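The values are calculated or read from the model by the stated rules, or taken from the named source; none is laboratory data. Because the structure is a prediction, the values reported are computed rather than measured. All Cβ positions, even for glycine, are placed from backbone atoms using ideal geometry, and neighbour counts span all protein chains on display. Surface accessibility is based on the protein's heavy atoms, side chains included, excluding ligands, DNA and RNA. Shrake-Rupley method; radii C 1.70, N 1.55, O 1.52, S 1.80 Å.
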Amino acid sequence: MPVTLRNSDLVLAVRDDSTAVLDVVNKYDAFLAALCDDHYAFQRGAIRVALTFLVSTRYANTRDLATENFDSNERLQGHYGSLAQLLERIPLADRKAVSVELATGTGKSYVIYGLARILLAEGLVDKVLVLCPSLTIEEGLKDKFHILGADPNLNAIMEELGAVWRSPEIKSANDPIEPGDICVENIHAVYERTGSSIMDSFGGGKGARTLVLNDEAHHIFSGVDTATRRWLEFLQNPEFSFRYIVNSTGTPYTKDDYFPDVVFRYGLKQAIDNHVVKQIDYKLEDLVGRDAGYEVTYQNHVLNRDKYGTKLRPITIVVTEKIAACVMVWKELTEFIASKEQISIEEARKKVIWVASGIPSGRDGEIVKSIVEQPEKVRRKNITLLKDVDSPDSQVEWIVSVSMLTEGWDVKNVFQIVPHENRAFNSKLLIAQVLGRGLRIPPGITGEVAVKINNHERWTPAIEKLYRDILEIENRLTWGWLEQHKDYAFPLYNLKYSTQQQTIETKTGKAIPPKAPLGYEQQSKEWLETSTYARTGQVSTLIEDRNILAIDTAVKRMKIFLNDADPVIAKQWTTQKLKSLMVDSLKAIGAESDYISLNNFYKTQQAFGPLFRQTGQSVPRYTMQPDALYCIQPEILHRQSFSEDSLCSNMHVFYSDTSTDGITDVDEKALWAEWMKTQKYIAAGDEVMLSEDKREIARRLKYVEAKKFKTPWNLLVSASEPERKFLESFFVYTDEFDSIIKSSDKGFYSFPYTYKPATRAKTHPKSENFNPDFFLKLKDRQEILVVETKKDGDDSNKNRAKLRDGRKHFADLNGYLNSENKGWQYHFYFLSTQNIPDFFEAVRNCRYKGWVSDLMSELGR
């Protein structure tokens with residue numbers, strides 16, 4: 001497998017060139033040519049691919065599309081490990097739901113509008129619902145759609161084609177959505193029941209004839225806050241039965257993982273190469289390396305002003321992580337500019353504004369208030385100014401912002417971005433979003449146009465790797481089966497499971513309504529965090545807890561929760577009654593009653609769960625039961641890969657003299673040779689010759705003598721500290737074993753388990769697959785020790801369920817093996833880091849049968 005894994009390798013190919021599909025897609029060529037000019041021809045490509053999938057009868061849903069691609073794409077197989085793992089990553093696999101990636105600044109709104117018009121024209125849907133994460137984006141989309149809707153050329157083409165719905169109205173959810181309408185709404189307003197037509201317009205199954213188009217769709221799957229988590233729940237809601245869904249985003253990442261359902265990609269690198277957006281000019285080094293304050297940033301700003309000042313007013317954005325830092329930097333920058341340009345502070349403040357989502361409470365809030373009088377009033381004023389900073393009348397040249405400016409902010413005259421703190425630029429998603437605010441090219445500007453990233457030099461290696469991930473490729477290395485090590489292979493037996501009805505439960509009596517106290521846990525608005533540094537010792541910091549709700553906000557959210565679950569119960573529980581329940585429960589633990597932690601809020605939701613179960617209704621209970629034995633041969637494992645970036649951050653690689661034999665790709669060989677050079681520098685005591693990232697790679701490469709490297713793989717890769725420590729101990733006790741197999745995280749050896757989420761208000765268990773970490777064959781015996789490693793004290797509900805269902809799985813497996821006279825036996829263990837030495841001692845002293853670790857005792861209570 002190649003060392004390079006591009007995001008484009010993970011794009012799902014839509015393969016349907018049947019006459020029926022092509023007749024529909026080609027029918028709208030003239031419309032697409034009029035909508036998207038030649039410089040933006042990729043927009044037509046995105047529309048055509050999504051349209052092909054939506055009208056195709058070859059794919060009943062996204063599951064069919066993913067399955068077809070997985071079976072034919074080795075890159076997908078290597079990345080996900082199994083089809084089940086790929087499908088598990090696609091929460092809307094049972095719908096016709098896919099994503100398109102269009103880099104920020106490349107015109108996603110035209111693709112959204114084009115799909116809406118075509119599917120209405122074709123009569124495939126009766127309505128279109130366009131969802132976005134903010135009011136800013138909603139307003140921008142409506143403005144563009146109204147302009148496009150008034151285009152006589154577009155309307156004439158649809159008229160000539162005999163469109164079913166020729167001239168759709170653009171509406172919001174405040175109005176009834178009729179057949180032929182396009183509703184544009186921000187997702188937060190969708191949840192509101194009062195004054196919203198969402199349920200009336202799309203409920204009762206009407207969603208099956210609705211096209212849902214999600215803008216900035218990374219919010220759907222990020223789970224960063226409750227509101228965006230509810231976005232996915234809204235799409236999945238059976239009351240609407242949404243079937244046709246297309247997501248668009250310029251940053252298709254869940255954390256650092258690329259979306260699994262992308263069918264079209266026009267990435268940032270393509271957009272830069274085609275001069276659709278600005279070049280990215282980031283700092284490599286400072287010659288002297290001293291802290292120059294704002295001098296370099298100011299000089300860059302002046303150069304941009306000299307270059308573009310006759311046509312527009314260039315803007316510099318300074319990005320901070322927190323609101324208090326944002327306001328402090330604004331104060332420093334304002335004073336610097338006043339001094340530099342010899343103007344008054346008041347004049348400087350007209351040029352510099354700060355932008356944040358709100359005013360914090362606690363210590364940070366006090367900092368803000370000490371700098372700015374009436375900060376909330378100033379914040380709102382700055383938000384208003386932000387909308388018009390590219391206007392000739394605006395005086396704003398500098399914007400200090402928290403993390404990222406609002407998506408949908410389409411200002412084109414940003415020419416410098418300054419990450420003031422490393423954490424403002426420490427993920428692919430965050431970098432892509434922040435860069436997106438500076439990528440658009442202003443009209444009338446030609447030639448090489450760049451946005452300068454004036455990052456601190458010491459962050460360059462980390463930022464550069466993320467840039468490479470976003471713009472181009474990752475350096476990756478694969479590991480897996482090594483033919484020379486085939487004698488270390490042993491069969492792994494597993495069980496096939498099927499769903500079987502176990503019992504039928506009939507609830508006869510009504511549940512008792514919840515009453516105080518609800519068993520809340522202790523809560524606090526802040527806590528003392530103590531860090532230890534190598535040179536300066538311990539430093540303590542008072543940290544504000546963001547996972548809290550004002551009590552009145554919590555009451556409103558509980559009311560919405562009850563309304564969604566059961567309107568009758570919601571009517572019985574008035575706002576005052578809910579507030580009393582929470583306040584009395586808080587007072588019972590001696591806590592302040594003006595706010596509530598999220599954990600205690602979830603406990604409140606859980607307390608109402610029994611009320612939602614209907615009486616007199618029989619409910620079948622199902623369980624997964626084993627029904628067949630099967631054998632896994634290690635050589636079938638798809639080769640796994642890891643990136644250089646992940647090696648530097650959390651992985652360790654154990655290798656021996658034969659490991660190189662398992663690396664056959666030319667590029668992979670070159671990468672491995674480069675890594676081996678770092679080992680030579682370390683061995684020679686020349687570590688100073690290496691850059692910091694190379695030193696980190698060298699520290700994470702662990703050489704093992706060939707006689708101890710008892711595995712069928714060419715490498716052993718640990719993804720966590722407990723895994724690393726387990727492997728290090730294994731090589732100490734290697735004489736006790738014939739072999740070790742490190743399982744992949746996905747799909748190789750798995751079995752089902754069920755658990756109840758610890759922090760969410762759900763009354764029914766969730767099912768997932770459990771993939772144990774290690775399989776060890778005891779020396780000269782047909783006995784396998786199965787080990788799952790965990791951090792010390794990791795006693796979560798999921799781990800309790802894994803231990804419980806794992807014990808049952810391997811007990812059942814041993815029963816099957818015994819009944820079929822296979823001669824093999826399995827023993828199952830959960831180990832925390834502190835249990836690892838005791839485990840290996842138990843093996844050496846033949847005490848491993850029935851041996852129980854401290855963590856197993858804790859989880860088994």
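If we sort 159-172, 233-246, 333-346, 121-134 on the protection proxy, mean other Cβ atoms within 10 Å, highest first, what's the order?
121-134, 233-246, 159-172, 333-346
With a 1.4 Å probe and all protein chains kept in place, how do His420, His827 rank by accessible area, largest first?
His420, His827
For segment 599-746, what is the convex hull (Cα atoms) projected area averaged across all directions, in square nanometres?
Average of the hull's projected areas for segment 599-746 equals 16.3 nm².
Given the whole protein assembly as supplied and a 1.4 Å probe, what does the accessible area of Lys377 come to in Å², nearest 10?
140 Å²
Roughly how much of Lys808 is accessible, in Å² to the nearest 10, using a 1.4 Å probe?
Around 100 Å² of this residue is reachable by solvent.
What percentage of the solvent-accessible surface of segment 773-845, computed with a 1.4 Å probe over protein heavy atoms, is contributed by carbon and sulfur atoms?
Carbon plus sulfur share of accessible area: 40 percent.
Got a number for the accessible area of Asp388? Probe 1.4 Å, square angstrom, nearest 10.
Number for this one is 90 Å².
Let me check something: with ligands and nucleic acids excluded, how do Thr478, Thr446 order by accessible area (1.4 Å probe), largest to smallest?
So the residues, ranked largest to smallest area, are Thr446, Thr478.
Compute the label zone of Glu169 within segment 126-152: residues whose backbone N is under 13 Å from the point 7 Å along Cα-to-Cβ.
No residues fall inside that zone.
Please identify the DSSP H helices in the chain that span no less than 18 Å along the helix axis (Cα) and have a mean Kyte-Doolittle hydropathy of -0.5 or more.
41-55, 108-122, 135-149, 323-340, 551-565, 575-588
Residues with amide H under 5 Å of Val414's amide H, sequence separation 5 or more or different chain, H placed in the peptide plane at 1.01 Å from N; which?
Those qualifying (amide H under 5 Å, at least 5 residues apart or on another chain) are Ile315.
Can you show me the helix-derived [θ] at 222 nm for the chain, built from DSSP H runs with n ≥ 4 at -39,500 (n - 2.57) apiece and divided by the number of residues, rounded to the nearest 500.
Calculated mean residue ellipticity at 222 nm is -11500 deg cm²/dmol.
Over segment 1-146, what percent of the accessible surface lies on carbon and sulfur atoms, probe 1.4 Å?
Its accessible area is 48 percent carbon and sulfur atoms.
Set the bar at 19 Å for Cα to Cα. Now go through Lys708/Lys742; Lys351/Lys387; Lys340/Lys377 and name every pair that lies beyond it.
In this structure, Lys340/Lys377 lie more than 19 Å apart at Cα.
Run the quick spin-label model on Gln484 and Gln576: label points 7 Å from Cα toward the beta carbon, then report their separation in nm to one decimal.
Inter-label distance under the simple model: 8.1 nm.
Cross-link partners among lysines for Lys577, C-alpha distance below 30 Å, same-chain residues fewer than 8 apart left out?
Excluding near neighbours in sequence, the set is Lys507, Lys510, Lys515, Lys525, Lys556, Lys559, Lys587, Lys603, Lys756, Lys762.
Sticking with the crude label model, points 7 Å out along Cα→Cβ, report the distance from Thr664 to Glu687 in nm, one decimal please.
3.8 nm
Hey, what did the chain get for relative contact order, percent, Cα under 8 Å, at least 6 apart?
11 percent
For Thr446 and Glu696 in one chain, what is 0.36 nm times their gap in residues minus the Cα-Cα distance, to one decimal in nm?
Fully extending the segment from Thr446 to Glu696 adds 85.7 nm.
Straight-line reach from Lys694: which aspartates and glutamates have a Cα under 15 Å away, not including same-chain ones fewer than 8 places off?
By straight Cα distance, Lys694 reaches Glu464, Glu644, Asp645, Glu674, Asp686.
Where only protein heavy atoms count, and the probe is 1.4 Å, what is the accessible area per residue for segment 33-83 in Å²?
39 Å²
Once you list every other residue whose beta carbon is under 12 Å from the beta carbon of Ser585, what net charge do they have if Lys and Arg are +1 and Asp and Glu are -1?
Here the charged neighbours net out to +2.
Using the alpha carbon gyration tensor of segment 796-861, what are the three equivalent-ellipsoid semi-axes (square root of 5 times each eigenvalue), largest first, in whole Å?
23, 18, 7
Would you mind getting the accessible area per residue of segment 270-399, heavy atoms of the protein chains only, 1.4 Å probe, in Å²?
56 Å²
Please work out which option in [x] 29.5; [y] 30.6; [z] 31.6 gives Kirkwood radius over Cα pairs in Å calculated from these coordinates, and answer with its label.
Matching the structure shown: [y].
Test of understanding: what is the full-extension gain from Ile560 to Ser646, defined as 0.36 nm times their sequence separation minus their Cα-Cα distance?
26.8 nm
Of Lys669/Lys808; Lys496/Lys710; Lys142/Lys579; Lys381/Lys412; Lys171/Lys322; Lys707/Lys849, which sit over 32 Å apart, Cα to Cα?
Flagged as over cut-off: Lys669/Lys808; Lys142/Lys579; Lys171/Lys322.
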